[in-house]
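Since the structure comes first, as structure tokens, the remarks are kept for the end.
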Amino acid sequence: MVIPQYDHQRKISSDYCTKAYACMARYGYARVALEEPIVDIFELPEFNDPTLRTIFQFCETWATSAVRVLENSFDNTHFSFEHRSTFGVAASLKPSRYELIESETGVHAETVIDAVSPEKFQRISGVKEALTTGHMRNAYYLPFSRCLDIECPSGVRHITVN
Ligand SMILES: [Fe+2]
């Protein structure tokens, strides 16, 4: 350890230090683990797929906990009212059933939801019907990461990573 302002023979106190944290960078983001568990950022093969486009969306602060954010991201009961102006189907109040697969790294949850497909979305999704479905593959990775892959019947996919 060197302190440039100190004479090179001056003893440096042992309590002049800061704790080091594990950090990993991948997919254009850095994640710092303040404590255990220290795990790799999950594999996302689609990130390097030249047929897909990556869009770095927004970064904002939410006054909540990471657990609440993840809970919400797996809750498909809110689509019919919270996402009514985009893809939610107001008449589909009952959530579709998730198939859950647990692993050492997290949980994979899969379901098919009803989805509205307004004309402006149809140009992107390739879906020609006003009412369609979305095949959701929602994966949770320890400690606080999520990857949601929504596939339209046309095969167009929208993958969101949180
Ligand atoms: Fe939502």
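Numbers at a glance
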quantity	calculated
ASP75-ALA20 pseudo-label distance in nm [points 7 Å out on the Cα-to-Cβ vector]	4.1 nm
Projected area averaged over orientations for the chain, convex hull of C-alpha atoms, nm²	14.2 nm²
GLU43 paired with TYR27, simple spin-label distance in nm, labels 7 Å along Cα-to-beta-carbon	1.4 nm
Residue exposure sequence - ASP7, ASP114 - by fewest surrounding Cβ within 10 Å	ASP7, ASP114
GluC sites (Glu not before Pro) within the range 1-64, DSSP loop, no more than 13 other Cβ atoms inside 10 Å	GLU35, GLU43, GLU60
Helix-only [θ]222 nm of the chain, DSSP H runs n ≥ 4, -39500 (n - 2.57) each, per residue, nearest 500	-3000 deg cm²/dmol
FRET efficiency for ILE12 and LEU142, using Cβ-Cβ distance with R0 set to 41 Å, rounded to 0.05	0.60
Within the chain: Cβ-based charge dipole about Cα centre, in debye rounded to nearest 20 (Lys, Arg +1; Asp, Glu -1)	460 debye
Relative exposure of ARG53, ARG31, ARG68, judged by other C-beta atoms within 10 Å (fewest first)	ARG53, ARG68, ARG31
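Here, each number is a calculation from the coordinates, and none is a lab measurement. Owing to the predicted nature of the structure, the values given are computational and were not obtained by experimental measurement. Methodologically, a virtual Cβ is constructed for each residue, glycine included, from the backbone with ideal geometry; neighbour enumeration extends over all protein chains shown.
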